[in-house]
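Worksheet for the structure shown next.
The values are calculated or read from the model by the stated rules, or taken from the named source; none is laboratory data. This one's a predicted model, so the numbers in the text were calculated from it and none came from an experiment. Here Cβ is always computed from backbone atoms with ideal geometry, including for glycine, and neighbour counts include all displayed protein chains.
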Amino acid sequence: MPTRGSSQPEIRAVWVQARSVGSQKEIDAVLKRTEIGHFNALFVNTFVQGQALYNSDLVEKYERVEPDFDPLAYLVKAAHQRNIQVHAWLVAGPVGGTDGPILSQHPEWGMLSLDGEKANWLNYNRPDVRQFIVDLALEMVRKYKVDGIHFDYTRYPHPGWKWGFDAYSANAFKEAYNLDLEALRYTDLPAYGSFRGNPLAGVTTAQALAVFDDGQPAILLNSYGTGKVILFNWQADERTVAASSEILRRSLNYLQNEAGNLYILRSKTNAEKYGYGDFDTVFTWLEDIGASPVEISEEDITILEVNDILIMPGVYLITAQTASDLANFVQQGGGVIFIDGPTPSIKDKNIQALLGVNAQGRHFDRTGLLIPVGQHALIPAAERGLQLEDYLTRDAHWKTFRKQGINFLLQEVYQQVKREDPGVLVTITVAASQEALAEKYFLDWQSWLEGEYIDLIIPRLYVEKDKPLAPVLADWQSLIDDPNEMMVGLSVFISESSREVKTSTQILAEVDLARASGSRGIILFDFAGIRDEVWETLGNNPFSSNINSN
């Protein structure tokens, strides 16, 4: 196979997840459909959840593989007989949990947040982690003669802002930039960070204890009857500055009474639309700061005692009855802490009275400063004497450092894989938003291409049902016009959260548009979601010619 920069046939590929290749029967079904659609490449999960879909000397075998079966060995042989390429798809970020097969043996390899959280994500700043990923790639190239090494989730977890604060990275960062990473945790205010949420506005009786640098209230305290309510006016459970945890600790102490208990609301009403994700993250957050919350339902609010504290974790939808029960609880002396306020329910008069605000703000997702308003026992404050430009400079150095860890990884993989077999294609898939790649995931994809750390970048240009692909495609057109550097990733699903598939007509239209743009190729997500009629439609038009890439 020629290397990057030379003329190559169009790549017609599909992502194949691990659940589709655990047995010979499943692989045969994959190959049959691939031939029907006249595809010529399979990007197949070979390393996922910290496990291998082949006989590895480095990691455990994927638990769902049929006993005594080597999926990759069988697949490569059978695919090559049909002139179909096999690219080894590595999920080289999340590795199956902190108690999983990788991080249980090497806990120091995991990422650490500024607030002490542990992620099930490999830390690219460590040379031993990078060498581990290099060794995985080389193992598949040497033992199985795969046609490509394909990286996925090779980025920072979302929100990327908070990750990378382990001791190794701190020392390496200080050596590189002479800056103490502790100063970037922001355990007090003003704190520079990334914030998003569904804010409440129209302050009436509440006191703003902290604001964002655009003037929007961030921490609000309101008295109602003999009780008090504290509002974190953003998704503070993301913990993107360490001060959030300190303010939460102080809030619990401020509201606490020796005779009272701490409760957290698990709202069925809210979960019908928003799920229980916020409940889970806030519950964990409380445990991490040493609290022991007790879960209650909406019906239990009426039995709370006046000395109790109730946490409202991302509870956006509140019924009139629950609002009334909350008002009675606080009026008699109870304490409530809202994490990201109930914006859809703010028209309720009881909610307005509880929170001391009466309007819904606009969703925001921005970087900036969290600033104290005067002095208050709830707010840890410091005199930094820094201007916004100083924060931006520090932040830029810290982002560059973390980008370089990923750059080093891809460079090392590329060089060693090409040394082993120059014909192996090294690719990586990324999100569609170029701004998010740089600011949220710390991916320096331009440097990958300029430095030749990869052969192809594959943006996932996923659009929802009935949404146009053209504007998303246009953002990447300049790279498409640079031959052999990019191919387009498309999804057959109507949204990222749904397994409902698009119509054959829409899938075909997206494929036609992407091909017309000049993309090096097309890859579809994912095999399991493509119906039989779609394979047949693609095989007849537009992939009517049965080409191969070998």
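Quick check on my filter: what residues within the stretch 492-513 are among the polar types (S, T, N, Q) and in a helix (DSSP H, G or I)?
Applying the first criterion (among the polar types (S, T, N, Q)) to the stretch 492-513 yields 495, 497-498, 503-506.
If the condition is that a residue be among the polar types (S, T, N, Q) and in a helix (DSSP H, G or I), then Ser504, Thr505, Gln506 are the ones that fit.
For the stretch 276-298, how many residues are more than 22 Å from Asn253 (Cβ to Cβ) and free of Cβ contacts under 8 Å to residues at least 40 places away in the same chain?
The total comes to 6.
Please specify each residue of the stretch 419-474 satisfying the condition of being assigned to a strand (DSSP E or B) and over 16 Å from Leu513 (Cβ atoms). Give the derivation first.
So in the stretch 419-474, the residues assigned to a strand (DSSP E or B) come out as 425-430, 456-460.
Once the filter is applied, which keeps residues that are assigned to a strand (DSSP E or B) and over 16 Å from Leu513 (Cβ atoms), the stretch 419-474 yields Leu425, Val426, Thr427, Ile428, Thr429, Val430, Leu456, Ile457, Ile458.
Taking the condition modelled with pLDDT of 95 or more, surrounded by fewer than 16 Cβ atoms within 10 Å (Cβ to Cβ), assigned to a strand (DSSP E or B) and not polar (S, T, N, Q), does Glu295 pass?
Details: modelled with pLDDT of 95 or more: yes; surrounded by fewer than 16 Cβ atoms within 10 Å (Cβ to Cβ): yes; assigned to a strand (DSSP E or B): yes; not polar (S, T, N, Q): yes.
Yes.
Residues are listed down the side, and each one gets a yes or a no for (1) among the polar types (S, T, N, Q); (2) touching a His at 6+ places or on another chain (Cβ under 7 Å):
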| site | (1), (2) |
| --- | --- |
| Asp68 | no, no |
| His87 | no, yes |
| Leu90 | no, yes |
| Gly96 | no, no |
| Ile102 | no, no |
| His106 | no, no |
| Ser113 | yes, no |
| Tyr124 | no, no |
| Arg142 | no, no |
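Quick one: Phe408 ticks every box in (1) within 28 Å of Ala191 (Cα to Cα); (2) surrounded by fewer than 17 Cβ atoms within 10 Å (Cβ to Cβ) except a single one, so which number is it?
Of (1) within 28 Å of Ala191 (Cα to Cα); (2) surrounded by fewer than 17 Cβ atoms within 10 Å (Cβ to Cβ), only one is false for Phe408: (1).
Okay, residues lined up against (1) under 28 Å from Trp535 (Cα atoms); (2) among the small types (Gly, Ala, Ser):
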{"position": "Ile11", "(1), (2)": "yes, no"}
{"position": "Val14", "(1), (2)": "yes, no"}
{"position": "Ser20", "(1), (2)": "yes, yes"}
{"position": "Leu31", "(1), (2)": "yes, no"}
{"position": "Ile36", "(1), (2)": "yes, no"}
{"position": "Asn40", "(1), (2)": "yes, no"}
{"position": "Gln49", "(1), (2)": "no, no"}
{"position": "Glu60", "(1), (2)": "no, no"}
{"position": "Phe69", "(1), (2)": "yes, no"}
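Applying the selection to the stretch 496-513, what residues are among the acidic types (Asp, Glu) and farther than 15 Å from Ala528 by Cα?
Matches in the stretch 496-513: Glu510, Asp512.
Any chance you could count how many residues in the stretch 306-325 are modelled with pLDDT of 95 or more and over 34 Å from the mean Cα position of the chain (by Cα)? Can you show your working first?
Pass one, the stretch 306-325, residues modelled with pLDDT of 95 or more: 308-325.
Subsequent filtering for residues that are over 34 Å from the mean Cα position of the chain (by Cα) retains 308, 320-321, 324-325.
The qualifying residues number 5.
Which residues, taken from the stretch 349-377, are closer than 29 Å to Leu317 by Cα and either free of Cβ contacts under 8 Å to residues at least 12 places away in the same chain or more than 31 Å from the chain's Cα centre (by Cα) (or both)?
Answer for the stretch 349-377, where residues must be closer than 29 Å to Leu317 by Cα and either free of Cβ contacts under 8 Å to residues at least 12 places away in the same chain or more than 31 Å from the chain's Cα centre (by Cα) (or both): Lys349, Asn350, Ile351, Gln352, Ala353, Leu354, Leu355, Gly356, Val357, Asn358.
Kindly indicate the residue of the stretch 152-179 that is in contact (Cβ under 8 Å) with a residue 60 or more places away in the chain and either β-branched (Val, Ile, Thr) or touching a Leu at 6+ places or on another chain (Cβ under 6 Å) (or both) and also farthest from Gln235 (Cα to Cα) among those meeting that condition.
Among residues in the stretch 152-179 that are in contact (Cβ under 8 Å) with a residue 60 or more places away in the chain and either β-branched (Val, Ile, Thr) or touching a Leu at 6+ places or on another chain (Cβ under 6 Å) (or both), the one farthest from Gln235 (Cα to Cα) is Phe173.
Check Arg196, Arg239 and return the single one that is on the phi > 0 side of the Ramachandran plot and touching an Asp or Glu at 6+ places or on another chain (Cβ under 6 Å). Before you say what the answer is, go through the steps one by one.
On the way: Arg196 fails: on the phi > 0 side of the Ramachandran plot.
Answer to the check: Arg239.
Can you say whether Gly356 is crowded, with 17+ Cβ neighbours inside 10 Å, small (Gly, Ala, Ser), under 21 Å from Arg249 (Cα atoms) and in contact with a strand residue (DSSP E or B) (Cβ under 8 Å, 6 or more places away or on another chain), as far as the supplied structure shows? Explain how you work it out, then say what you get.
Values: crowded, with 17+ Cβ neighbours inside 10 Å: yes; small (Gly, Ala, Ser): yes; under 21 Å from Arg249 (Cα atoms): no; in contact with a strand residue (DSSP E or B) (Cβ under 8 Å, 6 or more places away or on another chain): yes.
For Gly356, the condition - crowded, with 17+ Cβ neighbours inside 10 Å, small (Gly, Ala, Ser), under 21 Å from Arg249 (Cα atoms) and in contact with a strand residue (DSSP E or B) (Cβ under 8 Å, 6 or more places away or on another chain) - is not met.
Six or more apart or on different chains, Cβ under 8 Å: which pairs go from a residue in the stretch 299-324 that's among the charged types (D, E, K, R) to one that's at pLDDT 95 or above and in a helix (DSSP H, G or I)? Could you list them?
Asp308/Phe329
Please determine whether any residue of the stretch 111-134 is modelled with pLDDT under 95 and at positive phi.
Within the stretch 111-134 (the criterion being modelled with pLDDT under 95 and at positive phi), the answer is yes, since at least one residue qualifies.
Could you please let me know if Gly489 is buried (at least 18 other Cβ atoms within 10 Å of the Cβ) and in a strand (DSSP E or B)?
Details: buried (at least 18 other Cβ atoms within 10 Å of the Cβ): yes; in a strand (DSSP E or B): yes.
So Gly489 fits the description; yes.
Can you tell me which residue is farthest from Tyr177 (Cα to Cα) among those in the stretch 363-391 that are out of contact with any strand residue (DSSP E or B) (no Cβ under 8 Å at 6 or more places or on another chain) and assigned to a helix (DSSP H, G or I)?
Glu389
Consider Thr322 carefully, then state whether it is farther than 22 Å from Gly160 by Cα and of a type in the set (S, T, N, Q). Let's see the steps before the verdict.
On the way: farther than 22 Å from Gly160 by Cα: yes; of a type in the set (S, T, N, Q): yes.
Judged against the criteria, Thr322 is a match.
Residue-wise test of (1) surrounded by fewer than 20 Cβ atoms within 10 Å (Cβ to Cβ); (2) without any contact (Cβ under 8 Å) to a residue 24 or more places away in the chain; (3) in contact with a strand residue (DSSP E or B) (Cβ under 8 Å, 6 or more places away or on another chain).
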{"site": "Glu60", "(1), (2), (3)": "yes, no, yes"}
{"site": "Ala79", "(1), (2), (3)": "no, no, yes"}
{"site": "Asn83", "(1), (2), (3)": "yes, no, no"}
{"site": "Val86", "(1), (2), (3)": "no, no, yes"}
{"site": "Trp89", "(1), (2), (3)": "no, no, yes"}
{"site": "Leu122", "(1), (2), (3)": "no, no, yes"}
{"site": "Asn125", "(1), (2), (3)": "no, no, no"}
{"site": "Leu136", "(1), (2), (3)": "no, no, yes"}
{"site": "Met140", "(1), (2), (3)": "no, no, yes"}
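Which residue, of Thr240, Thr269, Thr205, is part of a loop (DSSP other than H, G, I, E, B), farther than 25 Å from Met111 by Cβ and outside the structural domain of Lys399 (by TED's automatic domain parsing)? Can you show your working first?
Numbers: Thr240 fails: farther than 25 Å from Met111 by Cβ; Thr269 fails: part of a loop (DSSP other than H, G, I, E, B).
Criteria check complete, one pass: Thr205.
Looking at the stretch 167-203, which of its residues are surrounded by fewer than 21 Cβ atoms within 10 Å (Cβ to Cβ) and more than 23 Å from Ile371 (Cα to Cα)?
If the condition is that a residue be surrounded by fewer than 21 Cβ atoms within 10 Å (Cβ to Cβ) and more than 23 Å from Ile371 (Cα to Cα), then Ala167, Tyr168, Ala170, Asn171, Ala172, Lys174, Glu175, Ala176, Tyr177, Asn178 are the ones that fit.
Pick from Gly290, Gly334, Gly341, Gly314: which is under 15 Å from Pro217 (Cβ atoms) and among the small types (Gly, Ala, Ser)? Write out each step before concluding.
On the way: Gly290 fails: under 15 Å from Pro217 (Cβ atoms); Gly334 fails: under 15 Å from Pro217 (Cβ atoms); Gly314 fails: under 15 Å from Pro217 (Cβ atoms).
From the options Gly290, Gly334, Gly341, Gly314, the qualifying one is Gly341.
Given the condition at pLDDT below 95, assigned to a loop (DSSP other than H, G, I, E, B) and under 24 Å from Leu410 (Cα atoms), answer yes or no: does some residue in the stretch 61-77 qualify?
No, that holds for no residue.
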